[in-house]
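Reviewing the structure listed below.
The values are calculated or read from the model by the stated rules, or taken from the named source; none is laboratory data. This structure is a prediction, so every number in the text was calculated from the model and none was measured. Ideal geometry is used to build each Cβ from the backbone, glycine not excepted, and the neighbour counts take in all protein chains shown. Remember, those area values only see protein heavy atoms, side chains included, never the ligands or the DNA or RNA. Shrake-Rupley method; radii C 1.70, N 1.55, O 1.52, S 1.80 Å.
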Amino acid sequence: SDASSFEEKQYADIWSNDEYLQFVYERLVLLRELMSGAATLYLHCDWHRSHHIRLVLDEIFGSQNCLNEVVWQRSTTVGSSKAISQRFPTISDTILVYVKDNDRYLFNKLYTPPSEEYKARFRECDEVGYYYWNTLATYSSETLDRLMNLGRARWSQGAKFPQYKTYLHELKGSVIPNVWTDVNMLNPMAEERSSSNYPTQKPEALLERIISASSNPGDIVLDCFMG
């Protein structure tokens, strides 16, 4: 079977007795067996091993099931000039995202809230709520007619494009891309820091984003290294 062929693989014989990669391989095989068809796996690693681990993931899950490579900027601090004098400072890690079934996986699009500066544009108000007139640069005649009939579009004198009402309460924000710069790693004094002081403990904000993107309430989520 496929499972037995995975179990027979020994990376220790291929990569100079590399016990770490052998451990990762065996753990990923087990996790794939536990995953449902709609499940997604997130694997965090740094630059030392990300290229090796991605090859292992390609073999176990199939390269077609690589959903994303997320760059997590875990810090904005680059350290002392002496410590980074020989290379570019490393302030990011990689999160490799793989699905079990590319036709069935669950994904919830996530957004960052609009900034206070952006929300300040919404100064006019009608019976629906606060809004501002935005430029409708791309549209069909059907879309424009529909918005006109709803009172949500207009032509300004001399304008090249029509305008439409953008309401504050309808804003979702900006779609979160694959570069995450808004979640910092835990500092030693953080309240959520475990008493065991595990060195690679993940911030709750990072775990919340991952769980929100790839599961719904009531779903089963497994953190096999407990954060």
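Annotations
- Separation of the residue 189 and residue 64 label points, Cα + 7 Å toward Cβ, nm: 5.3
- Cα coordinate range in the stretch 101-146, projected on the principal axes (Å, largest first): 47, 33, 22
- Exposure of residue 169 as accessible area (Å², to 10), given a probe of 1.4 Å and all protein chains: 110
- In this label model, residue 120 and residue 78 are separated by 3.0 nm, measuring between points 7 Å along each Cα→Cβ vector.
- Taking the convex hull of Cα positions in the stretch 92-227, its mean projected area over all directions (nm²): 13.8
- Longest DSSP-loop-exposure-free segment, GluC sites (Glu not before Pro), the chain, at most 12 other Cβ within 10 Å: 1-126
- Lysine pair count for the chain with Cα-Cα distance under 27 Å and sequence separation of 8 or more or different chains is 11.
- Carbon plus sulfur fraction of accessible area for the chain, probe 1.4 Å, in percent: 51
- Largest to smallest in accessible area, the residues 226, 35, 185 fall in the order 226, 185, 35 (1.4 Å probe, all protein chains included).
- More than 32 Å apart - percent of Cα-Cα pairs taken over the chain: 43
- Protein heavy-atom accessible surface, 1.4 Å probe, per residue over the chain: 67 Å².
- Look at the dipole of the chain built from charges on Cβ: of 178, 73, 114, the Cα furthest out on the positive end belongs to 114.
- Residue-by-residue Karplus 3J(HN,Hα) for the stretch 19-29, coefficients 6.51, -1.76, 1.60, Hz, glycine and proline x: 5, 5, 5, 5, 4, 4, 4, 5, 5, 5, 4
- Cα centre as origin, Lys/Arg/Asp/Glu Cβ charges: the chain dipole, Debye: 1080
- Here the 3J(HN,Hα) profile of the stretch 199-214, calculated from phi with Karplus coefficients 6.51, -1.76 and 1.60 at θ = phi - 60°, is x, 10, 4, 8, x, 4, 4, 5, 5, 4, 5, 5, 5, 5, 6, 10 Hz, Gly and Pro shown as x.
- Note that the stretch 183-190 has calculated 3J(HN,Hα) couplings of 10, 8, 5, 6, 8, x, 9, 4 Hz, one per residue in order, obtained from phi through the Karplus relation 6.51 cos²θ - 1.76 cosθ + 1.60 (θ = phi - 60°); glycine and proline are x.
- Fluctuation leader among 128, 179, 56 - the chain, Gaussian network, Cα springs under 10 angstrom: 128
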